[in-house]
Structures are given as structure tokens and as C-alpha cells.
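Only one structure is covered here, and it is reproduced in the block below.
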Amino acid sequence: MDDEIDLRDIIRILWKRRLMIIGIFVVAVMIAGVISFTLPSVYKVSSIVAMGNFEEPVYTSQASAKSIMLSDQFLQEVFLQLPNKTNDFKKFKGSIKVESVKDSDRLIEISVETPDREEGKVIVEKMILLYANLSELSYNRYKIILSDELAATQERLNIIDLDINQTKNALQDLQNDSSSSAVQAEISFSRALDRLNGMQSQRSALIDRSLGLQRQLELLRHLDVVQPAREPMVPIGPRKVLMVVIAGTLGLMVGIFTAFLRESLARPAK
């Protein structure tokens, strides 16, 4: 067919319109370069925190923490504490991310993307401090509950130790008592011995309970900062090289398309 274009025609058209194609390509690259270098650098400041392990699901679950930290009320309180805050709260909220750390049921990452590295660090630290303050009351309440249970267990342990010593003394007295009949003495001794065994079993259970409570108090954690916020040295955007490459590719495609279009329009009508 006459309208078909073979490879030699394509090469001829590209060579003929090469200056235009190169020109469009260069203009696209230059525009992308100017735009990318005028855009402010964006930095990501992040911190990883571990949720507390006290029995309060509102402040110790990842989903709940994310919901609280991304709420307008929470973020407005952080926003109002910023030294150099702007009036654009919506933009501020959009820069905040709170995400669960993969393969962990306690870790969350708090991050902010901002052109001001110092302010980003302040934002993340204020979010952590505010959340810790909100959960502190529940943490302290649970710690007091454990401490009271431990104190009560220790008190019961002291009482049963006293009863055990008294029972042992009673057994000793029964062994040395010669005024009672042998049968009566044996019955009294057997009852006292059963009582002693029961109290010793209770004592073992109380010791286990006491050790368990002590262990819980030792392992009790509030909100731990696993990875503190630091000012990043390298920005995450804009990705200047990628912008220039994409612009150059699009410019080249537009140039080639324009070359074929002009060549088609330049042909005389049949």
C-alpha cells in the first residue's frame, strides 16, 4: 500500500526533523530541571515506639494508638504547640503518618514529611510526649493495682508463715505431751500435720503468686521509644533525577509524534 511507511521512511523522517525533536527534548528537560531545583526539599522525620504492656487496650493496641494520634483533637494540640506553626492545619495533618511496624504487634512508626527538618523532629517528639501523658494515668493505675496485690500477697504470706510456725510448735508439744492417751495424741498429731501440709501448699501458691507479681512489675512498661527522632541528612523528595528522566522521555515522545504529524501534514493531497 502507498500509505505504508517502511523503516527507511521512518529513519528519513526522524533525521529530517531531528532538530525539532532534539529541541523539544531539550526544552522538556530544561523545564523539568528548573522546576525540580526550585521545589523545596522534603525530609522524612520518624520515630519508632513500643506500646505499653499494661492492661489498658485503649492505649496499648496499635490500632487504638493510630486512631488517637491521627485524630483532629490530638493533632490540633500538637499543632498549637509548634513554635513556627502556619495556619494550614489540613496540610499539617496530611504530612503525619502513623503506621504499624511489620511483623510486630507492639511497635508503631510515627513520621512526618516536611521541608523543615528541625520542626519535623519537634512534631514527632511532641506527639510521643502527648500520647505518653494521655496514657500515663492508666499506666500508673495498673501499676498501683499490681503493687497492692503484691503487698496483700506478702501480708498473707507473713500470716501463713506465722501459722505454720505455730503449728510446728504445736506438733512438737504433742510429741512431748505424755498426759494424753496414745490414741488421742495420735489423732491430734494427725490433724495438726494435715493442717500443716495444707498451709505449706497455700504458702507455695502464695510464693508463686508473689514472684509472678514481682516479675510483672519488673517487666511493666509504659511507652518506650525504640528509635528516637533524628534530623535526616538526605531528603526524600523531590526526586529530581527521576523528574528529569520522565520529562526527557515525554519530550522525546512528543518530539517524535510532532515530527510524524508535520511530515504527514506536509505531504501533498492526492
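No lab work stands behind these numbers, since they all come straight from the coordinates. The structure displayed is predicted, hence computed values, not measured ones. Neighbour counts run over all protein chains shown; Cβ positions are idealised from the backbone, glycine included.
Across the chain, Cα pairs under 8 Å and at least six residues apart give a relative contact order of 38 percent. Take the Cβ atoms of Thr38 and Val58, set R0 to 41 Å, and the FRET efficiency comes out at 0.35.
Relative contact order for the stretch 35-138: what percent, with Cα pairs under 8 Å and sequence separation of 6 or more?
Values: 127 pairs, mean separation 39.9, N = 104.
Result for the stretch 35-138 is 38 percent.
Note on the chain: helix-only mean residue ellipticity at 222 nm, from DSSP H runs of 4+ residues weighted -39500 (n - 2.57) and normalised by residue number, equals -23500 deg cm²/dmol.
Using Cβ point charges alone (K and R +1, D and E -1), the dipole size of the chain about the Cα centre works out to roughly 1860 debye.
In degrees from 0 to 90, rounded to the nearest 10, what is the angle of the helix 7-16 Cα long axis to the longest principal axis of the chain? Roughly 80 degrees, rounded to the nearest 10.
Using the alpha-carbon atoms, what tilt in degrees (0 to 90, nearest 10) does helix 240-266 show relative to the longest principal axis of the chain? Once rounded, one gets 30 degrees.
Counting Lys and Arg as +1 and Asp and Glu as -1, what is the net charge of the other residues whose Cβ lies under 13 Å from the Cβ of Thr258? If you can, show how the numbers build up before the last one.
Values: positive: Lys16, Arg17, Arg18, Arg262; negative: Glu263.
With Lys, Arg at +1 and Asp, Glu at -1, the net is +3.
Against the chain, whose longest principal axis is taken from its Cα atoms, helix 182-219 shows a tilt of about 20°.
The distance from the alpha carbon centre of the stretch 205-222 to that of the stretch 109-166 is 14 Å, rounded to a whole number.
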